[in-house]
Amino acid sequence: MRLVIERAAMRRLGDLPKPARAALLRRLQLIAADPLAKHANVERYKGGGPNGFRLRQGQWRAIYEIDREAQEMRVQAIDTRGSVYR
């Protein structure tokens, strides 16, 4: 599946410290390779419907959606735990 990071999420990703950015990108790529498998620290995102998920990586959270028809995993938001759900 193709990993697509939306513009706002990409901007926020650029603000992360390099080690956190590298770790988060690595995890997102791993999940995109097999998005329907069970992954550690990934749960359904309550506000995201049946295809919405969130990834927890340290203090950072990534909210993403899986589009099976388009074969895309679309990252919509990246932020800290307290801010990403707003």
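The values are calculated or read from the model by the stated rules, or taken from the named source; none is laboratory data. Since this is a predicted model, take the numbers as computed values, not measurements. When we count neighbours, we look across all protein chains shown, and the Cβ atoms used for this are built from the backbone with ideal geometry, even at glycine. SASA here: full protein model, heavy atoms, side chains in, ligands and nucleic acids out. Shrake-Rupley method; radii C 1.70, N 1.55, O 1.52, S 1.80 Å.
I'd like the residue in region 73-86 that is in contact (Cβ under 8 Å) with a residue 12 or more places away in the chain and of a type outside the set (A, V, I, L, M, F, W, C) and, out of all such residues, is most open to solvent (accessible area, probe 1.4 Å). Can you show your working first?
Of region 73-86, the ones in contact (Cβ under 8 Å) with a residue 12 or more places away in the chain are 73-81, 84-85.
After this cut, where a residue has to be of a type outside the set (A, V, I, L, M, F, W, C) as well, the list is 74, 76, 79-81, 85.
Values: 74: 77, 76: 70, 79: 36, 80: 39, 81: 158, 85: 99 Å².
Per the criteria, the residue is 81.
The set of residues in region 1-17 that are farther than 20 Å from residue 71 by Cα and surrounded by fewer than 11 Cβ atoms within 10 Å (Cβ to Cβ) comprises 14, 15, 17. Per this entry, residue 16 is counted among residues that are of a type outside the set (Gly, Ala, Ser) and either within 13 Å of residue 80 (Cβ to Cβ) or without any contact (Cβ under 8 Å) to a residue 24 or more places away in the chain (or both).
Taking residues in region 44-70 that are aromatic (Phe, Trp, Tyr), and partners anywhere that are open to solvent by 90 Å² or more (accessible area, probe 1.4 Å), the pairs with Cβ atoms closer than 7 Å and at least 6 places apart or on different chains are 53/43; 53/44.
Residue check: residue 70 meets all listed conditions (1) surrounded by fewer than 17 Cβ atoms within 10 Å (Cβ to Cβ); (2) among the hydrophobic types (A, V, I, L, M, F, W, C); (3) part of a helix (DSSP H, G or I) but one, namely (3).
Would you please name the residue that is least open to solvent (accessible area, probe 1.4 Å), looking only at residues in region 18-63 that are part of a helix (DSSP H, G or I), out of contact with any helix residue (DSSP H, G or I) (no Cβ under 7 Å at 6 or more places or on another chain) and among the charged types (D, E, K, R)? Looking at the filtered set, the residue picked out is 27.
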